[in-house]
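Below you'll find the structure, written out as C-alpha cells, and then a few comments.
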Amino acid sequence: MGGTSSTTAALVVVRGCAEDGDPFDTSARKVNNTTPVGAPGPEIVTTVADTLIVGAAATIDNRTYSNWSTTDPGALAEQFEILNTVGDDTGVALATAPKTSVGATGLLTWNSTFSSNVAFLGALRPAGSSSTTVTRAVATTWDVAATVTKSVATTWDVDEPGPPPAGGIAVVRVRQSAAWRTVSGGQPTVTAPDAPRDLAVVASSGQLAAAWQPPYDDRGAPVTGYTVTVTPDDAPPLQLGAGARSATLTGLNNGVVYTLTVAARNTAGPSQPAEQIAAPAGPWVIGSVGPLVGAPDWWGGNNGVNNGRGAYGMTEPPTGVTSGADLGPDYCGVLPVLTAQGRGYDHLTKPAVGTLIDAKGLPSGAVTVDATTGSTSVTVTRPGAVLQYLDIVGQVFVRAPNVTIRYCRINGRLVTGSGKYLVSTQDANPGLVISYCELICGQAMSAALPPYGGYTARYCDLWGISNDAFKVGSNALVEYNWVHGLEKAPGAHADPVQWTAGNNIAVVFNRLDCFTGPENAPSPEVQDFANGTLQVGKMTGNGSWFLMTDNYCNGANYVIRVGNVSPQTTAKGVFTTEHAYWYRNRFGRQFIAGPVYNSIQADADQVFDDTNVWHESGQTYRRTSQGWFYSHVVTAGEPVNDWTPVSMGAYP
C-alpha cells in the first residue's frame, strides 16, 4: 500500500493454510476519521471455526496505529507497522487474533491520527490445525521510489504444531488482481505472464527501435523470452531471450504507420502484447513512402481526432516532385520497383489455388479460380495480412482489417459482369493500404476501389479503366497515383475520382490524365473522355472535410466538377457537402465542355482558390460573369482571355 511516487509493502507467509478455496474471507472499506479515537472499519462473518482474524489498514501519511480490536475475538495483536518517508508519506500496519467460533467479528477499530484510511479485515482458515499462535519469522519488505531499495523488514507466520494432519498441506497463495494463485504447495497455478510494461518506440529512417521492461507478474513461471512483431511487414516475428529489453526493426518503409508489439512468454504461453504505433521517417526511395506529414492544424476530419487515416496519413512527396504532373511510369506501379531491383514482371508469382499464404508465411484466406473464365479470386481473411509480388488475374476481396497489398499486378480483364470492384473493401474491415501496384480494371469493374473501408492508395498505376478509378469514402487517402488509359464501358459515367459521401478524405499529388488523344492535340480530338477527373456527384450521404490538392488534372468533359449544392436533395435523401477544399491543383487544356463546372458555396465552407492554375502557363483560373467558368492563357505573359469554345477548340 502506498502513494503515487513510493510504495510500502510487506511479504506475508502463512503455513497451514487450507488448499481448497480462497484462503481469505475478506471485506474492505474506506474509512475517514479525524480524531485518534477508535476508527470504525469493516466487519466479516466467519463460517469456519479456528480462523486467524487479520486486520490491516493504511494511511496516506506515515502515522502510527494502536488499540486494534473487534467484538469477537476482541483485541488484535499488532504484528508490524511500516512507515515510509520517501516521496509521498505512507503508513501500513497489520494486526491478528485467533477466533475459535463462527459468526460475526463486529467492526474493526483502531487508533490513528490521520483523516484518510483504507481498512481490511480477513479470516484465514488453517488446514486441519487449531493452532493460531503467531510468531515472528524471516521476512523482507521494500519501498519503491525511483529505484527499488530494501526497507523495514518484518512478517509473521502461523505456528503449526507438528506435521500437517492427514490431507493437510502447506500452501502459499498470492493475489495481484482478482484471482488467487497458488505459488507453493498443492498444485501450482501457472498462466501466461502479464504484458511487458513501459514499451517505448523511437522512429528513425527505415527503422523502429523499441525498449520495454519485464511484466509486473510472471503468473507462476519465469519469463522465458519475448516476441516482437511489426505490422504491416513481411518479416517473421523476432524471438528474443528472457533478458532482452530492446530490439531494433530495420528495413521498414518511411512514412508507413506501423504497429509494433512486444509479448512476454513463459511455459504457459504468450502474454497479451504491449503495443505502440509509430512511423519511420526519412527520404523517399522507390518502393517506400516519404515521411509522414499528416493533416494541417486546422483540419477537422474525423471530428478533429487524428486516426492516422485519410488526411492524417498524408506523406511528403519524392524529391523533385512538385505536383501530380511529375508522376508517371517512373514512380507508379510495380514495374519501377522491380526495375530498381534488376527484375521484371517474371518475378511476380500467381497465387496457388487453396489456402492463401501471405508474405509472412501465415494462412491468410483462400484462392479460387473460375473454371469458365479463368479469373482468380483472392479472399483475405487474416487481420494484418501482407500480400506482395503477386500477379493476380482476377479480383481481391479484403475481408479483414489492416491488410497490406504492395508490389502486385492485379488484372481484372477476365472478370465478367458489371458493377464489380477490382479490390473489394468493406467498412467492417477497414485500413487497407495498397501501394506500388498496377491495377488494370477491365470492363466489368465499377471502380478499382469502392468507397468503403477507409483505404490508403499510394504510388499505384491504374489503367484500362471502364468506369471509375477511385470511389472515395470516409477516411480514404489517395496520393501519388497515376490514372490514365481510359477504356470506357458503353454509356459509362467514368471519373478517376468520385466522391458522393464521407468524411476525412484526401486526394493529393495524383496524375489524373484522362485525355487519350495525341499529347498536343486540341480538345476536338479527345477520343475517349471521362466525365471529370473529379466528380462530386449526386450525394448518397453527407460529405465533409474533403481535401484535393497538388494534383494534375487533364482531359474529360469538365476537367473537374467541384463543389455541390448544399444541402442537396437526391432520391436517397437531403445531404450536405461542406468543408471541401481545392488547393494548388494544375490543369491541362484538353476538355470538351469546360475546365470547371458547378458552383462553390462559401456558406458551406467550400473553397476553390487561385492557387489552382493552368499547368502550361502557371496562371490562375479567373471567374467570369458566366458563373463558374474560367479564362486562361496558353503562354505566360499574354493577356488573360475569357474561355470560349473557339479559344480552346470547337466542340466535336
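Of the residues making up the range 413-437, those that are farther than 26 Å from Ala371 by Cβ and either small (Gly, Ala, Ser) or not in a loop (DSSP other than H, G, I, E, B) (or both) are Gln426, Ala428, Asn429, Gly431, Val433, Ile434, Ser435.
Against the numbered list (1) in contact with a strand residue (DSSP E or B) (Cβ under 9 Å, 6 or more places away or on another chain); (2) over 30 Å from Ala295 (Cα atoms), Ser323 comes up short only at (2). Among the residues making up the range 547-600, those that are open to solvent by 20 Å² or more (accessible area, probe 1.4 Å), of a type in the set (D, E, K, R) and modelled with pLDDT of 75 or more are Lys572, Glu578, Arg584, Arg586.
The set of residues in the range 535-546 being in contact with a Gly (Cβ under 8 Å, 6 or more places away or on another chain) and surrounded by fewer than 24 Cβ atoms within 10 Å (Cβ to Cβ) consists of Gly541, Ser544. If you go through the range 222-243 and pick out every residue that is crowded, with 16+ Cβ neighbours inside 10 Å, farther than 12 Å from Arg265 by Cα and of a type in the set (A, V, I, L, M, F, W, C), you end up with 2.
Restrict the check to the range 473-491 and report whether at least one residue is basic (Lys, Arg), more than 15 Å from Ile405 (Cα to Cα) and open to solvent by 10 Å² or more (accessible area, probe 1.4 Å). Yes, the range 473-491 contains at least one residue that is basic (Lys, Arg), more than 15 Å from Ile405 (Cα to Cα) and open to solvent by 10 Å² or more (accessible area, probe 1.4 Å).
A Cβ distance below 9 Å, combined with a sequence gap of six or more or placement on separate chains, defines the contacts here; from the range 605-620, residues that are more than 17 Å from Leu534 (Cβ to Cβ) reach residues that are part of a strand (DSSP E or B) and aliphatic (A, V, I, L, M) in the pairs Asp605/Ala580; Gln619/Val613; Thr620/Val613. Does Gly301 satisfy being farther than 22 Å from Asp358 by Cα, at pLDDT below 85, touching a helix residue (DSSP H, G or I) at 6+ places or on another chain (Cβ under 9 Å) and surrounded by 15 or more Cβ atoms within 10 Å (Cβ to Cβ)? No.
The values are calculated or read from the model by the stated rules, or taken from the named source; none is laboratory data. Because the structure is a prediction, the values reported are computed rather than measured. Glycine also receives a Cβ, built like all others from the backbone with ideal geometry; neighbour counts cover every protein chain displayed. The protein model used for the area step is the full one, side chains on, heavy atoms only, and it has no ligands, DNA or RNA in it. Shrake-Rupley method; radii C 1.70, N 1.55, O 1.52, S 1.80 Å.
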